[in-house]
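What follows is one structure encoded as structure tokens, with my remarks underneath.
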Amino acid sequence: MIRSHWIPCIHHREATERFQSPLGIHLGDPTDSSTYSGFKPFQEATLLGSTVEPVKTPTISGSVGRGGTNFKADVMLIQSLLNRVFSNRKLVVDGIAGSKTNSAIVQFQKRFLRSPDARIDPGGTTIRKLETKIAESVNTSVPVIEDAPLSNTLMKQAWPADTDAAITTFFGERDSNRSYLQLPYPMRLAWDLGTTVTRIQCNTKVVDSLGRILSAILEFYGSLEGVQEARMDRFAGCFAVRKMRGGTSWSRHSWGIAIDIDSEQNGLTTAWPSKATMPEDVIKIFEAEGWKSGARAWGRDAMHFQATH
Ligand SMILES: [Zn+2]
């Protein structure tokens, strides 16, 4: 227990419980460490000193973000909440809803909205998701992955054309040049989420590029938790010597130069973007390394990315 001196009277106790309740924190106790860590962003946001009166409930009085009312206190609250969600992307808590704040709102909304609007309305979906997220983060520790390269290290690679001959010249024969890629975040088998994957086999020549791509995906979503919400930890195969499904030519997986992610919602014949859910931001990250996306190339098989033109 810490900071129990915050609650010298019944008013403070009631105020503390009003704060604890929406965060899902156990009520009634004096201010414990969960309450304190849950309270901290609101304290920062409202520039309160060491006293807790008046306690703000975790809500905003007007809309925040693009086209919003943007009361300074509301913006500061949202900025500090977003800073709790994104462990490696910190906003200055200045109460100004500028482009960085708006893009952080969009980044958060991408986890659950197909068309993020960069705005948080009182009582709306985004503020509820934020509150839920903060409440969870009070009680659970999110694994921290260190030393992940940043996305500004992405480099457009000169991959070969998408033909058997060009691929073989560049990458070697099918079923050769196998190497392991140590994943920057743990993945799970898409068809068996109980199985964790920490390294995958792929062609030696794509190891570095694919590592940078997955690191950039982790950085984009801000945490393993964010990656999981976006389903980008659902690994569905890389090196697999086989003919193309429903065809006679060799799958690019035969050279270990293709990866499939989240096959469940991005099937071979599922139309993208109308039905398949592969985020365009992920496609852009692959494209920044010169990879070809099934979604972009064929409007289907959105799970699939390959290191060719
Ligand atoms: Zn594939």
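The values are calculated or read from the model by the stated rules, or taken from the named source; none is laboratory data. Predicted, not measured: the structure shown is a model, and the values here were computed from it. Ideal geometry is used to build each Cβ from the backbone, glycine not excepted, and the neighbour counts take in all protein chains shown.
Exactly one residue out of 126, 132 is in contact with a strand residue (DSSP E or B) (Cβ under 9 Å, 6 or more places away or on another chain) and assigned to a helix (DSSP H, G or I): that is 126. Determine whether the stretch 134-148 contains at least one residue that is surrounded by 12 or more Cβ atoms within 10 Å (Cβ to Cβ) and modelled with pLDDT of 95 or more. No, every residue in the stretch 134-148 fails to be surrounded by 12 or more Cβ atoms within 10 Å (Cβ to Cβ) and modelled with pLDDT of 95 or more. Annotation: of all residues in the stretch 286-295 being in contact (Cβ under 8 Å) with a residue 12 or more places away in the chain and away from the ligand (no atom under 12 Å from the Cβ), the one that is nearest to residue 237 (Cα to Cα) is 286.
Conditions (1) away from the ligand (no atom under 13 Å from the Cβ); (2) buried (at least 18 other Cβ atoms within 10 Å of the Cβ); (3) more than 21 Å from the chain's Cα centre (by Cα), marked per residue:
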position: 206; (1), (2), (3): yes, yes, yes
position: 221; (1), (2), (3): yes, yes, no
position: 240; (1), (2), (3): no, no, yes
position: 262; (1), (2), (3): no, yes, no
position: 275; (1), (2), (3): yes, no, no
position: 281; (1), (2), (3): yes, no, no
position: 284; (1), (2), (3): yes, no, no
position: 297; (1), (2), (3): no, no, yes
position: 306; (1), (2), (3): no, yes, yes
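Counting just the residues of the stretch 178-196 that are of a type in the set (Gly, Ala, Ser) and part of a strand (DSSP E or B), which one comes out nearest to residue 224 (Cα to Cα)? It would help to see each step written out before you state the result.
We begin by selecting, within the stretch 178-196, every residue of a type in the set (Gly, Ala, Ser); these are 179, 190, 194.
Going one step further and asking which of them are part of a strand (DSSP E or B), we end up with 179, 194.
Values: 179: 24, 194: 16 Å.
Checking each candidate, the answer is 194.
If you go through the stretch 170-189 and keep only what is on the phi > 0 side of the Ramachandran plot and touching a strand residue (DSSP E or B) at 6+ places or on another chain (Cβ under 7 Å), you end up with just 177.
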